[in-house]
Structure formats: C-alpha cells, structure tokens
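Below is one structure, written out as structure tokens; comments come after it.
Every read-out reported here was derived from the displayed coordinates using simple, explicitly stated rules and does not represent laboratory data. Here the structure is a predicted model, which is why all the values come from computation and not from measurement. Backbone-built Cβ (ideal geometry, glycine too); neighbour counts: all protein chains shown.
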Amino acid sequence: MALYVLYESPSGYSLFHAHGIDEIGQNNEAVRNSVTDLNRFGKVVKLVGFSPFDSALDALNQCNSVSEGHMTDELRNFLELTLPKIKEGKKPKYSLGVAEPKIGSHIFEETKIPCQSNDFISELLRGVRQHFDKLISSLKSGDLEKAQLGLGHSYSRAKVKFNVNRVDNMVIQAIFLLDTLDKDVNTFAMRVREWYSWHFPELVKIINDNYLYAKVAKYVDDKSTLSEDSVPGLTEIVGDEDKAKEIVEAAKASMGQDLSPVDLINVKQFSQRVMDLAQYRKNLYDYLVAKMNDIAPNLAALIGEVVGARLISHAGSLTNLAKCPSSTLQILGAEKALFRALKTRGNTPKYGLIFHSSFIGRASTKNKGRMARYLANKCSIASRLDCFLEKSTTVFGEKLREQVEERLDFYDKGVAPRKNIDMMKSALENSVEKAMDVDEVSVEKSAKKSKKKKSKAELTEDGKPMAEDAPNGEATEEPESEKKKKKKEKRKLDEEVPAEAQTAVIAKKKKKKSKE
C-alpha cells in the first residue's frame, strides 16, 4: 500500500510520497538514521504537490483549523486534486500520514481517505521539516524563516486574545503588589518612627497610626518651632483638638535631641515618601475592588474582594479556581500543613485562605470546620458562575451570602435555613427581573430620543425662518413651511364660516353657471 505524508508548513500545504518503504522496513531506528542524511532521505520521500497560502491571514486561519482538528475547504480541495481518486465500492490503495490523529479522523469522515498517525509517520515528518526548504525548489532562502516567524507571532496573539474587562491576571498582580506594599509601608513607617523618635520621642505614644505619624512628622519638622499657632494645622491632620494641644505641650518638654537642618530635611522627605506609598496603597485597593467586581462579582459579593483575589491568585486563574472541587478550595493555601499531616498521620487542616473570611471568625470553635466546608462549597459555586456566565451579575453571590448567614444562624440558634434550590430559583428570577428592567430603561431612553427628534422636526416645520436678502436684488422663494402654514389657516377659515354663508356662496355659483 502506498503511503502519502501531509505536512502543514507555514507557507502552505505540501504532500509527499514515501516510496521505497519496503527497503527501510518501517523501522523507526532506520528512519531516524536516514532522516539526517538528505541523500538517503530524498530517495525515500518525493514531493507530489504544494499549495501555498494566499496571505498571512489565510495562513493563520488554516493553522487554527488544523490545531483544532478541522479540515478546511482549501485542504480538502488540495487532497482531492493531488491524491489518486478512490473508485466507488473499492478500497483505496494508499493511506495518508498526518501529524495529529484529530485531523486524520476528520479527513477520513469527510473524504473516506484512510489516515494514520504513529511514531513512524512522526519520524518521516521530522525529516520533511528538517529538509523542507531543500525539498521544495520554488522556496527562496529566508522565505521559510520569515513565514515561520510571522505565523508564530500571529498565532500566539490570536490565542492570547480575551475580554479585556475580564483579565484575571490583573487581579493576581494587584493582590501580590498589595501584600508587598503592606509589608513595605509597615517597614518604612517603623523606620520613620525610629528616625524621628531621636528628635521627638513623645510623639510615638500620642499617635499610633503609621500614616498619621508620618503626616505629623512632616508637618512638625522641628519641634522647637511648635507653638499655639500650630494647633489648628495639627487639628486638621489629627482630627482631634485635644491631641493637637497634647502634641504642642509634649514638644515643649520633649527629651529628644536636636537634629541638624539637613537631617530634618531627609526625615521630612522620607515621611513624604511613606505618605505617598500609603496613598498609592489605598488607590490600588480601590482598583482591586473595581476589577474584582468586573471579573468575579459573585465571589466578591460572597467572600469579599481581598479574600476572593487571594483565592484566584493561589489557584493561578479564575478558570483554575472554577475547576477546583470545594474540598480543594477549602484547604487552598494550607498545602504545607496538609502534607505534614499526611506524613505524620496527624489531623489535616480544616481551612486555608478562606480562614480570613469573616464567616469563619464569627463561627464558634466547634463549628469552624463545618463553616469552612460550607463556605468552600458556596465559593466553588460562585467561582464557576463567574467563570462561565456571559453577563456579570452579583445576584447569585448575594443569595449565596444569605445562605451562609442562615447557616451561621442555624449553628448558633437552630433556625432552619432555606434550601439551595429555592435560593437559586429566587436568584434566577431576580436576574431575569434585572435584565427586564435594563431592557425597559433602554427602551425608554430610545423613546425619549425619538420624541426629542420629532419635536425638533415639528419646531422646524412650524417656525418662521428669516428670509435672507438675495444678492443682486433677486427675490427669494418662500420656504415650504410658510406655504403649509397658509394652507392650514385657509382650512380653519373655511371651517369657521357659518352654514348660511356657505349656502349663499353655493347659490351664487349656480347662478353664474346658468347665465353662462
């Protein structure tokens, strides 16, 4: 049986006839040795046909179809024209070797051409790939490399395309940066405290907040300059007049040493840097909240933005989190404790990252494990909804949160919670109602716009535009709106005329006709 090999190159489809297979004996080692030598391999493989791609876009579409296991019309036409025709009712006397079994099965379903994909075919295709530029004489030097580079870039870009508003990678980077900023801000704030305490040690006991301490340190600068006039400015920063007066009094009797102007300038600059970092941390948190409401609104509504972002970050992506079962999600973040417990045959951990949720803290000690298991179940549902729903909504997350609250009441007070099927039904009804409301609002807006357009058109019809003086004394024609208005006035006058006058007019007309 003859063997043909299909090779999808970046420049086009090519078909090779592998003859002399009996001499090699279909031995992988023999083929592997003959692949490196072009003289030996050229005797085994001969080019039968080559169909170049029309453009870079065509090459990308063909590559996407082949990677997904679909045969395009171009490939089908190429195979039907190049391969020997199969007579009806008879078995084909050849087979087609392909790289992927998926595309082979699709070709067989559509054209009834028998396909095979094995190690022997892979070795033949490896040889074709290695000597492709020499096997096809029409290719110029450098053409194949350019085609490979261009197709590789376009294929990668096409695979990476996604919805910009639902990029979970931004959430992963934001939560990593948020954790790093928390550590850095705390470290720098402690450094400001230690540095400025040499000059004003009493300020540490008065102000506990790191951000406020850096702000006050920048405002005070030199403690010897503080007076009663500084109280209003300190009150604006601290928010308490008594504390501001306490700072002024402490500065008068401070035990700290004096610092040179250069040292105070450096302390002031460092305090400003800490303040900027703290402000940036707040802005980053707002950004994280906004991104979580776009990417995973149900998960954020259920467990909070920060904990939800940590779960997505630890899983690697929202899709990976949606694939996790609830038992895995429950101990996500406690892998070390889990493997240590398995190794020592101790108790496995009950919770991981979801421990930071407020629900676990509110549960009693004996119910923390149950609460963690129940919460992990709801988080798994919420993550799958966020991952696979086309329209983002928080209805399901709010209902799941209500279920968790009811479960907490059940553990504490014994109040029976509602069933999950009832909650999901109500959530579906609410989501449908919201969608209907959105549609009604859009319809109302469109109706208002159409009314405005109609009113504008009526105004232009009823209004009297001023006739501009025509050049060279030429008279301008009356606009059509004035003509219409005159016709309407005539109709009104005719309607207002009494019936007797109308009969008199009709009689006069008849007399005139009779005279004529």
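For a test of the definition: using alpha carbon positions, the gyration tensor, and the 1.5 limit on a/c, classify region 223-290 as rounded, prolate or oblate. Oblate is the answer for region 223-290, as a/c is 1.5 or above yet b/c matches or exceeds a/b. Answer with one residue from V274, T328, N293: the one whose Cα lies farthest towards the positive end of the charge dipole of region 249-341, charges on Cβ with Lys, Arg +1 and Asp, Glu -1. Selected residue: T328. Note that region 254-267 has calculated 3J(HN,Hα) couplings of 6, 9, x, 8, 6, 10, 6, x, 5, 5, 5, 5, 5, 4 Hz, one per residue in order, obtained from phi through the Karplus relation 6.51 cos²θ - 1.76 cosθ + 1.60 (θ = phi - 60°); glycine and proline are x. With θ taken as phi - 60° and the Karplus curve 6.51 cos²θ - 1.76 cosθ + 1.60 applied, the whole-hertz 3J(HN,Hα) list for region 413-421 is 10, x, 6, 5, x, 6, 6, 5, 5 Hz, x standing for glycine and proline.
With each label modelled as a point 7 angstrom along the Cα→C-beta vector, the S224-A435 pair spans 7.4 nm. Basic side chains Lys and Arg get +1 at the Cβ, acidic Asp and Glu get -1 at the Cβ, and with that the dipole of region 139-292 about its Cα centre reaches some 1220 debye. Each Lys and Arg adds +1 at its Cβ and each Asp and Glu adds -1 at its Cβ; summed about the Cα centre, region 300-381 shows a dipole of about 420 debye.
By the Kirkwood approach, averaging reciprocal distances over each pair of separate Cα atoms, region 122-228 gets a hydrodynamic radius of 20.6 Å.
In order along region 141-150, the Karplus-derived 3J(HN,Hα) couplings, from 6.51 cos²θ - 1.76 cosθ + 1.60 at θ = phi - 60°, round to 5, x, 5, 5, 5, 5, 5, 4, 5, x Hz, and Gly and Pro are given as x.
For G49, the residues whose amide H sits under 5 Å from its own are L15, ignoring neighbours fewer than 5 places away on the same chain, with H placed 1.01 Å from N. Taking 0.36 nm per residue of separation and subtracting the Cα-Cα distance, full extension of the segment from K425 to Q272 would add 49.7 nm.
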